[in-house]
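Q: The following block contains the structure, expressed as structure tokens.
The values are calculated or read from the model by the stated rules, or taken from the named source; none is laboratory data. Fair warning: this is a prediction, and the values are worked out from it, not measured in the lab. Positions of Cβ are generated from backbone atoms using ideal geometry, with glycine treated the same way; all protein chains shown enter the neighbour counts. Heavy atoms of the whole protein, side chains included, go into the accessibility calculation; ligands, DNA and RNA do not. Shrake-Rupley method; radii C 1.70, N 1.55, O 1.52, S 1.80 Å.
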Amino acid sequence: MAKTVTFKTIFPAVSVPLNEDYSINEEEFRVYLRWIKTFYGKGIEGLVCNGHTGEITSLTQAERKRVVEICAEECGDCMTIISGVNCEHTAGAIEMAAEAKAAGADGILLMPPHMWLRFGMNPDAPFQYVKDVADGADIDIIIHLYPATSKAFYPVETLVKMCKEIDHVKCIKMGTRVTSIYEHDVRVLREECPDISLITCHDETLCPSWFTGMDGALIGFAGCVPELICPAWDVFKNPADHTLKEAQDWSDRIYHIAQAIYGGGQPSGEAHARLKETLYQRGIFTNAIMRKPVLPLNQEEKDWVAEGIKKSGLDKVDMTQFA
């Protein structure tokens, strides 16, 4: 049966296990992906590699390509494979996108150049950037929308223009993180661009962000606790089959581990370290090593993660069956 590429699903942003020398532990990564693949058909039909959770900013270009290859080999027969693209100039982004496509990616998660975060941008630059990458690499795109409080935020008028005029734009990762703007922009996009997938990336407030009627999520959280994320998503995806109480119950259960990892704030390098610590404490990874400048967690932070795991009722995972 031929694979169906979809942008309406839960995309785990997968972490990358490292060896003691900070090199990629390829075998453990494969075992991890095989575990993730067991949630195919339960809410997860794709994955994202080389996202911020996957340490895109600390991997070399060759490592990013290798990560895509491994994901495609292990999961690409049925799952939609997306690779993050993060570059400060258009030609480089096109090259990275083309490499991802050649390595087996079905699409890319296109992040804004990070210089925009500090200096802002010409209002016409985001549209031109996305169009140039789409045309240059000939690959489908998930727009990575940064928070409304940042200088790299794309206003909804720009998003509508991208969706209507760039055929390769299939999805927007709505990282708005200002609730009033988030709901407004989702409603505008639904009306103006009904065929575009809108997915949340609000790991730290996942269930509340689904109340606007989203098409899924792109979150590191889903690669860490999919046993919670998948059944919760079913409630919000099929509201006629469930009750508000069920939604609240899943939100309550997710809350504790969300607090342990994200601490009420947005995903960051330190949050990704706590997420990797969660993977370690659950027996999914054999260590929680991050590349510097992200520093190791202290014991208090590790205990905080352990408490979140306990309160959310999460068990250790037997990974031997996937080796």
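Q: Write down the radius of gyration of the stretch 19-130 and its Dmax, each obtained from C-alpha positions, in Å.
A: Expressed in Å, the Cα Rg and Dmax of the stretch 19-130 come to 15.1, 45.
Q: In addition: Exposed loop sites here are GluC sites (Glu not before Pro) in DSSP loop states with at most 14 other C-beta atoms within 10 Å. What is the longest stretch of the chain lacking them?
A: Details: sites that count: E20, E88.
Counting at most 14 other Cβ atoms within 10 Å as exposed, the longest clean stretch of the chain is 89-323.
Q: Return one whole number: the accessible area per residue of the chain in Å², for a 1.4 Å probe.
A: Details: 13670 Å² over 323 residues.
That works out to 42 Å² per residue.
Q: Relative contact order for the chain: what is it in percent, counting Cα pairs under 8 Å that are at least 6 residues apart?
A: Values: 563 pairs, mean separation 56.8, N = 323.
18 percent.
Q: Sticking with this structure for a sec: Under 18 Å Cα-Cα from K237, which lysines qualify once same-chain neighbours fewer than 8 residues away are excluded?
A: Within the straight-line limit of under 18 Å, K237 reaches these lysines: K8, K42, K173, K245.
Q: Using 10 Å bins from zero, what percent of all Cα-Cα pairs in the stretch 69-161 falls into each bin?
A: Per 10 Å bin, starting at zero, the Cα-Cα P(r) for the stretch 69-161 comes out as 17, 47, 27, 9, 0 percent.
Q: Also: Which chymotrypsin sites (Phe, Trp or Tyr not before Pro) in the stretch 12-86 sit in a loop by DSSP (not H, G, I, E or B) and have at most 12 other Cβ atoms within 10 Å of their own Cβ? Display every interim value, and only then the final one.
A: Details: sites: Y22, F29, Y32, W35, F39, Y40; in loops: Y22, F39.
Those that pass, being in a loop and sparsely packed, are Y22.
Q: Report in % the part of the accessible area of the chain that belongs to carbon and sulfur, leaving out ligands and nucleic acids; probe 1.4 Å. Numbers along the way, then the final one.
A: Details: 7000 of 13670 Å².
Answer for the chain is 51 percent, counting heavy atoms of protein chains only.
Q: List the extent of the Cα atoms of the stretch 201-258 along each of their three principal axes, largest first, rounded to whole Å.
A: Result for the stretch 201-258: principal-axis Cα extents of 28, 21, 17 Å.
Q: Please compute the contact order of the stretch 190-280 in relative form: average sequence separation of alpha-carbon pairs under 8 Å and at least six residues apart, divided by the residue count, as a percent. Write down the numbers at each step before the final one.
A: Details: 85 pairs, mean separation 25.8, N = 91.
Relative contact order of the stretch 190-280: 28 percent.
Q: Related question: Quick check on the chain: of the DSSP beta bridges with both residues there, what percent are antiparallel, nearest 5%? Display every interim value, and only then the final one.
A: Details: 1 of 29 bridges.
Antiparallel bridges: around 5 percent, rounded to the nearest 5.
Q: To continue, here is another question. On a 1.4 Å probe surface of the protein chains, which of L297, L117 comes out largest in accessible area, and what is the full order?
A: On the way: L297 25, L117 70 Å².
Order by accessible area, largest first: L117, L297.
Q: Of (i) 71, 44, 32; (ii) 47, 47, 46; (iii) 58, 41, 35, which one was derived for Cα extents along the principal axes in Å from the structure shown?
A: (ii)
Q: Calculate, for Q61 and A125, the FRET efficiency according to 1/(1 + (r/R0)^6) with r their C-beta to C-beta distance and R0 25 Å; round to the nearest 0.05.
A: Values: r = 23 Å, r/R0 = 0.93.
Using R0 = 25 Å, I get an efficiency of 0.60.
Q: Just the number, please: Stokes-Einstein D of the stretch 196-307 in µm²/s, Kirkwood Rh from C-alpha pairs, 4 °C, 1.567 mPa s.
A: 88
Q: Between D252 and V188, what length comes free when the chain is fully extended (0.36 nm per residue of separation minus the Cα-Cα distance, one decimal in nm)? Intermediate values should be presented prior to the final figure.
A: Values: separation 64, 0.36 × 64 = 23.04 nm, distance 2.98 nm.
So the extension gain works out to 20.1 nm.
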